[in-house]
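Structure, as structure tokens:
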Amino acid sequence: MAASEVHYRRILLKLSGEALAGNQGYGIDPTVIGNIAQEIKDVTDLGVQVALVIGGGNIFRGVAAASKGMDRASADYMGMLATVMNSLAMQDALEQVGILTRVLSAIEMREVAEPYIRRRAIRHLEKGRVVIFAAGTGNPYFTTDTAASLRAMEINADIILKATKVDGVYSADPKKDHDAVKYSTLTYLEVLKKGLQVMDATATSLCMDNDLPIMVFDLTVDGNIVRAVKGEDIGTIVKGG
């Protein structure tokens, strides 16, 4: 495939922690993470620069713990550490398929990850390495969606690819409502006004303020990440009006 077929040259791929758990619902499924790593390799083989942000919901959910009485800041820090565990697992899976990978953590832990420095992250990308941003923004009360938006803007990504288990954004849950309508495109304001589950309001507002498009697509279909970087119509694009 010629590089000219690639629509996006630098992407930020946002994965939920649940995506790594597969059907088991918690922890990390080695087969699933191996398949994701192979798809990312297919993308990097096209010359696309790839950064990742991975959630921690398969290990620990800060919001859920806070709702049961735990201090919210403490719960969020635990959630950030869960994202580091997922990032290290993904780094290992990527290196097993021959991709040089760096984990940059917003919380300093030099024994396992590099500290997050914007220029260093960009330099890694320019050298063809996959960069995984761990520990969210390093601050409680912010989701990994917001971290993805922030990091995508800091590295001048062309788009955020939000991988989910459905093939786009619907007017209602398509599994519960057979009349749910899939949107091919949406504006940031439509997402905010309709309360659609694309990214949280802070992340969506950040993207809107900086005109950074978001594509929501189905990760469970083989080859979809490649299709996404080629600009194929496989999901829902959120962009300016």
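Among beta bridges from DSSP that stay inside the chain, the antiparallel ones total about 15%.
With the simple model of a label 7 Å out from the Cα in the direction of the Cβ, ARG118 to SER184 spans 3.7 nm. Using R₀ = 35 Å, calculate the FRET efficiency as 1/(1 + (r/R₀)^6) where r is the Cβ-Cβ separation of GLU126 and LYS193; round to 0.05. Step by step, r from the Cβ atoms, then E = 0.35.
Each of ASP177, ASP29 was scored by other Cβ atoms within 10 Å of its Cβ. Arranged with the fewest first, they read ASP177, ASP29. Report summary: the helix-based calculation at 222 nm, which adds -39500 (n - 2.57) for every DSSP H run with n ≥ 4 and divides by the residues of the chain, gives -11500 deg cm²/dmol. Below 20 Å, Cα to Cα, which aspartates and glutamates can LYS182 reach? Residues fewer than 8 away in the same chain don't count. Reachable aspartates and glutamates: ASP167, ASP173, GLU190, ASP200, ASP218, GLU232, ASP233. Given R₀ = 25 Å, what would the calculated FRET efficiency be for ALA172 paired with GLU18, taking r from the Cβ atoms and rounding to 0.05? With R0 = 25 Å, the Cβ-Cβ based efficiency is 0.75.
Please check which bits of the range 103-144 a label hung off ASP71 would reach, taking the label as a point 7 Å along Cα-to-C-beta and the cut-off as backbone N under 17 Å. Under 17 Å, as judged by backbone N against the label point of ASP71, lie 139-142 of the range 103-144.
Under 5 Å between amide hydrogens, built in the peptide plane, is the criterion, and for GLN49 it picks out ARG10, ILE11 among residues at least 5 positions away or on other chains. Positive contributions from Lys and Arg (+1) and negative ones from Asp and Glu (-1), summed over other residues with Cβ under 12 Å from the Cβ of LYS127, come out at +3.
The residues packed around ASP200, meaning those with a beta-carbon under 13 Å from its beta-carbon, carry a net charge of +1 if Lys and Arg are +1 and Asp and Glu are -1. Charged neighbours of TYR141, selected by a Cβ distance under 13 Å, balance to -3 (K, R count +1; D, E count -1).
Every number in this text was worked out from the coordinates using simple rules, so none of it is lab data. Here the structure is a predicted model, which means the values were calculated and not measured. We place every Cβ from the backbone using ideal geometry, glycine too, and count neighbours over all the protein chains shown.
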